[in-house]
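Down below is the structure, laid out as structure tokens.
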Amino acid sequence: MKPRLASEWLHSCAGCEIALVDLGEGLLELLARVEIVHFPLLMDQKYAGRAGEGDGPELPAADLGLVSGGVASEEQRAILLAMRRSCRTLIALGTCATHGGIPALANERSQAAVRAGVFADCGPAPAEAPACLERVYAVDEVVRPDLCVPGCPPRPEAIAAAILAVLDDELPATPAKSVCETCPARREGRAATRSARRFLDNAEYDPDEDLTRMRCLLEQGLLCMGPVTAGGCGGSGPPLCVQVRVPCRGCYGPVRPGSNPLLDLMNGLAGQGVDRRSVVDRRSLLRFCGAHGLLRPVAGPR
Amino acid sequence: MPRTVTIEPVTRIEGHARIRIRLDESGAVDDARVEITSLRGFEQFVIGRPAEELPRIVSRICGVCPWMHHLAAARAVDGCFAVEPPPAGRLLRELCLVLAHIPDKLLHFFFLAAPDFVLGPDCDLRVRNIIGLARQEPELAAQVARLRRLGQDMLARLGGKAVHPVAAVVGGFSRPLGRDERRQLQADAARLLDFALFALDFARERVLEQCAAADQPGRVRTGFLGTVDEHGNLRLGSGRLRLMRPDGTSCDFAATDYGLHLREHSDPWSLAKTVYADSWGEGLSLDPDAPRGVYRVNTLARLNVCDRIATPRAQAELAAFRARFGRPAQATLLHHWARMIELVYAAERVGELLADDRLLDRDVRTPAAPRAGRGVGHVEAPRGTLIHDYATDERGCITRANLIVGTTHNVAAMNLSVRDAATRLIRDGACDEAIQNRIEMALRAYDP
């Protein structure tokens, strides 16, 4: 019997699922190895039971479950609990699931305030819509996943490798390198400026020369999250954003589990003599990892 | 006894929704609604962020069409900071935009919609999907997967990442295109065009005639909104908005003036707002017999509002489409037909853009300085007209953001279409799996 696969998406954008589809022919090979029992993007199985009622939806038993997105409503929580109940091995797929992702930027306010703000110009917030939780949670704040595959989105090959490893009863090694450690840009060991520049003009580089000749973007004075961000986005190649000469914003989450990338980066910059006040909106350095209590409501206007 | 049928989740669509159908004592449909069940609140949590960061934040609104949000945002921030990208920056952005339509249309048509037609709407749900399709048509499925991946790879080469790109920046693009890179892109684009033409032929033979049947579920009569250039040609990048009434008369306006024509409204049961044509002066009504203020966006709307398409093969297809279905064409499932014509246009347009030598210019970005301002960025996303409207303070940080996405424009029409489908398909309260799927098909047509 083929292993059974289930997939669900929560507080997310579908980018992780698109990354899976981006495997191309590899997707068809992968799908042929499994029996899909639940996958709303690709298949027509419905919930037994309602997501927002009673014990929540019932999902068919599966050997492997993929869940993308964080958790921000009672319904999403119920779906995640149902996935955990029904899946032998559960993979938290993508940075929203592992660290909250971009939607957890909303954690600087309460979910209720976000909702009220969105509908402020056209009437009251929808009263009959699914009830929101007080903030956006990562998957591991609600249930224990067996494996975390970060990335916004993760590389298609990394998703496939994780799925295949589980099917073959192994757990894949998680990369421990930072984006910087995978970046070939030229470093001189000191910052060129005392302030962090906003990305309002392109970096300095010769487009005819490869990345090894370009000076490190952070040393050029551009804010780059490379030192504190988990690497692997470029596979065995350079980081993807740097390939198009754009600084990293941290989409794979912190390189050290449980760390605070905002503090780590600001400390690093201070060590280089960079003035912390030159970084506008410092809290948005946590833009991919606002779950786990890292982003919290602040008093007064931002 | 009155009861409610809930279809949850709506499947083979690119997002989160459910359909709720209320039946009266006799088992006839009393009402039907599409409920959007997720809200992330981008308009709120971008407030206070440095505006130049927005193209990389709002892309996460949609993993299916991240390029459209990325590019609309870049355009809006250009407006806030009053910068104009150099020609190469502008062309690189349009190239990415048009190219990004191609993998999306292949995904929607073959992976999500085609199983309903090629395998049949009543086919066993364990088979009625891309895997069932791949089993029946292995060579075709492999080719679709391969060519779709090629399109995504081309986007990744241009923009760093296919999903959640980073290369469109305030003032232009982050890097110039090399001559060798262009040569490779041209070779790849030729393959995409060949496949687009093949896909249209395949669709015509196997799918589109089923969409053309006059009395299909999901019927609704609405106006349309899309984008045209100064000559009335179809545009996917920014241009002038054209709002067409159900009778075919229309009015053009600049995207910055959208607030004079469109108005947002909220309902207690859905986390998506509804937008209606305020400038028609008739308000909003979802009365199925006499809807008011309702217009549609997406592929069918774009083909209805444009006078012509500026690329030859797509124009020939448009002329034939129009001769057969009139203008504006109203049948909901014709979205699929229009989608395949637009696929051909996108492939032709990518070739045109790649042939433009200005694309290779080294000057791709105009430096920007933070300032207080307002900017409206707009593009045509697969789902329809996408509007990003930002205001900034003197530090160049966001003070207000209003986003109208394709789905929101279509909420009113999707509700009407689903209600029509439910009313005509449900008899004496019977709503089995096959009927539920046929109701979902009326919604699926509006997906990218």
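Rule-based calculations on the coordinates, nothing more; no lab input. Quick caveat, the model's predicted, so the values are computed rather than measured. FYI the Cβ positions are ideal-geometry reconstructions off the backbone, even for glycines, and counts take in every protein chain you see.
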Seminar exercise, completed: Ranked on Cβ counts within 10 Å of their own Cβ, fewest leading, A:210, B:78 go A:210, B:78
For this session: Calculate the mean, over all residues of peptide B:5-11, of how many other protein chain Cβ atoms lie within 10 angstrom of the residue's Cβ.
Result: 6
For this session: Taking H placed 1.01 Å from N in the peptide plane, check which residues at least 5 places from residue A:88 or on another chain put their amide H under 5 Å from its amide H.
Result: A:62, A:63, A:64
Seminar exercise, completed: Computed over region B:154-243, the convex hull of the Cα set has an average projected area, in nm², of 9.7 nm²
Problem set entry | Within region B:216-321: Cβ-based charge dipole about Cα centre, in debye rounded to nearest 20 (Lys, Arg +1; Asp, Glu -1) | 300 debye
For this session: Rank-order B:212-221, B:169-178, B:96-105 by packing density, defined as the average count of other C-beta atoms within 10 Å over each peptide's residues, highest first.
Result: B:96-105, B:169-178, B:212-221
Exercise. Based on Cβ point charges of +1 for Lys and Arg and -1 for Asp and Glu, what charge dipole magnitude is obtained for region A:4-167 about its Cα centre, in debye rounded to the nearest 20?
Worked result: 260 debye
Problem set entry | Spin-label model distance (nm) - residue A:211 vs residue A:81, 7 Å beyond Cα toward Cβ | 4.4 nm
Problem set entry | Where Rh is the Kirkwood radius over Cα pairs, Rg/Rh for region A:4-167 | 0.99
Exercise. Could you put B:247, B:420 in order, starting from the residue whose Cβ has the fewest other Cβ atoms within 10 Å?
Worked result: B:247, B:420
Problem set entry | For residues of A:124-134, the mean tally of beta carbons on other chains within 10 Å | 4
Exercise. For the residue pair residue A:122 and residue B:430, what label-to-label distance in nm results when each label sits 7 Å from Cα along the Cα-to-beta-carbon direction?
Worked result: 3.9 nm
Exercise. For chain A, what proportion of DSSP beta bridges, expressed in % and rounded to the nearest 5, is antiparallel?
Worked result: 25 percent
Exercise. Of all DSSP beta bridges located in the protein assembly as shown, what percent are antiparallel, nearest 5?
Worked result: 70 percent
Problem set entry | Helical contribution to [θ] at 222 nm, DSSP H n ≥ 4, -39,500 (n - 2.57), averaged over the protein assembly as shown, rounded to 500 | -10000 deg cm²/dmol
Exercise. Can you work out D for chain B in µm² s⁻¹ from Stokes-Einstein, where Rh is the Kirkwood radius over C-alpha pairs, the temperature is 4 °C and the viscosity is 1.567 mPa s?
Worked result: 58 µm²/s
Seminar exercise, completed: Expressed in Å to one decimal, the Kirkwood Rh of the protein assembly as shown from all distinct alpha-carbon pairs is 25.9 Å
Exercise. Got a sec? How would B:417, A:178 order by Cβ neighbour count within 10 Å, fewest to most?
Worked result: A:178, B:417
Seminar exercise, completed: Output ordering of A:148-158, B:311-321, B:62-72 (per-residue mean of other Cβ within 10 Å, highest first) is B:62-72, A:148-158, B:311-321
Exercise. Per residue of B:171-180, what is the mean number of Cβ atoms on other protein chains within 10 angstrom of that residue's Cβ?
Worked result: 3
Exercise. What is the Rg over Rh value, at two decimals, for region A:47-117, using alpha-carbon atoms and the Kirkwood definition of Rh?
Worked result: 1.03
For this session: Mind ranking A:10-21, A:36-47 by how tightly packed they are, going by the mean number of other C-beta atoms within 10 angstrom, highest first?
Result: A:10-21, A:36-47
Exercise. If Lys and Arg each add +1 and Asp and Glu each add -1, what is the summed charge of the other residues whose beta carbon sits under 15 Å from the beta carbon of residue B:136?
Worked result: -1
Exercise. Mind listing which GluC sites (Glu not before Pro) in region B:12-42 are in a DSSP loop and have 13 or fewer other Cβ atoms within 10 Å?
Worked result: B:25
Exercise. Once the Cα atoms of helix B:87-106 and of chain B are each reduced to a long axis, what angle between those two axes, in degrees from 0 to 90 to the nearest 10, is obtained?
Worked result: 20 degrees
Exercise. Hey, which lysines would be in cross-link range of residue B:161, C-alpha to C-alpha under 30 Å, not counting anything within fewer than 8 residues on its own chain?
Worked result: A:177, B:105
Problem set entry | Backbone N under 18 Å from the residue B:269 label point (7 Å along Cα→Cβ), restricted to region A:115-132 | A:124-131
Problem set entry | Label-point separation, residue B:252 to residue A:192 (7 Å along Cα→Cβ), nm | 4.5 nm
Seminar exercise, completed: Measuring from the longest principal axis of the C-alpha atoms of chain B, the long axis of helix B:66-81 (C-alpha) lies at a number of degrees, nearest 10, equal to 50 degrees
Seminar exercise, completed: In terms of the charge dipole of the protein assembly as shown, which places +1 on Lys and Arg and -1 on Asp and Glu at the beta carbon, the residue among A:89, A:78, A:239 farthest towards the positive end is A:239
